[in-house]
Amino acid sequence: MNYIAASVCLPVVRETTGEKVRTPEDVLRICADMRSLAQETFQVLTLNARNMLINRHLVSLGLVNAALVHAREVFRPAILDGASGVLLAHNHCSGDPTPSAEDVRQTAQLVKAGALLGIPVLDHIVIGDGCVSMRETGVCSFKT
């Protein structure tokens with residue numbers, strides 16, 4: 001019987017970008033390029049335990065008024081990054097950052113999924129001509 005040995009190298013620590021993410025305005029600054037897009041995008045910002053940005057991931061590229069989102073695509077990069085928490089961000093091409101009923105429904109599902117995985121969703125920021133924090137406006141509960 002012949003055996004082949006494989007060497008696997010796994011990082012013990014994932015380096016951060018050095019950016020601390022504390023406010024919706026921080027998210028808006030990091031995701032400023034989303035304001036000018038002609039299609040909705042849904043992105044996840046992965047954070048370490050000190051709310052330092054690990055990475056920004058495109059989860060979905062949608063249409064002019066919708067982006068398909070599922071928990072497995074949102075949390076896959078968070079798991080791979082070893083994230084302690086995530087911030088969600090998506091844009092509204094109309095410029096109106098008011099969360100839709102579907103935005104609120106999706107966010108509530110993702111908050112529950114994050115709780116099961118031990119990776120809390122800290123906020124969901126809708127970007128348009130400015131930004132709206134779903135946590136700060138209270139349109140969705142982030143308590144689990």
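A few comments on the model shown:
- Helices (runs of 4 or more DSSP H) lying entirely in the stretch 59-143 (those with 3 or more residues that are touching a strand residue (DSSP E or B) at 6+ places or on another chain (Cβ under 7 Å)): 71-81, 101-117
- Residue within the stretch 67-78 that is touching a Phe, Trp or Tyr at 6+ places or on another chain (Cβ under 6 Å), closer than 16 Å to residue 124 by Cβ and modelled with pLDDT under 95 present: yes
- Applying the criterion of being among the small types (Gly, Ala, Ser) and in contact with a Gly (Cβ under 8 Å, 6 or more places away or on another chain) to the residues of the stretch 86-96, the residue that is farthest from residue 48 (Cα to Cα) is 94.
- Checking the stretch 74-89 against the condition returns a match, with at least one residue being touching a Ser or Thr at 6+ places or on another chain (Cβ under 7 Å), charged (D, E, K, R) and either surrounded by fewer than 18 Cβ atoms within 10 Å (Cβ to Cβ) or over 17 Å from residue 140 (Cα atoms) (or both).
- Among the residues making up the stretch 15-49, those that are farther than 16 Å from residue 123 by Cβ and surrounded by fewer than 17 Cβ atoms within 10 Å (Cβ to Cβ) are 15, 17, 18, 32, 33, 36, 37, 38, 39, 49.
The values are calculated or read from the model by the stated rules, or taken from the named source; none is laboratory data. Keep in mind that this is a model prediction, so the values were computed, not measured. Note: ideal-geometry Cβ built from the backbone for every residue, glycine included; neighbour counts use all protein chains shown.
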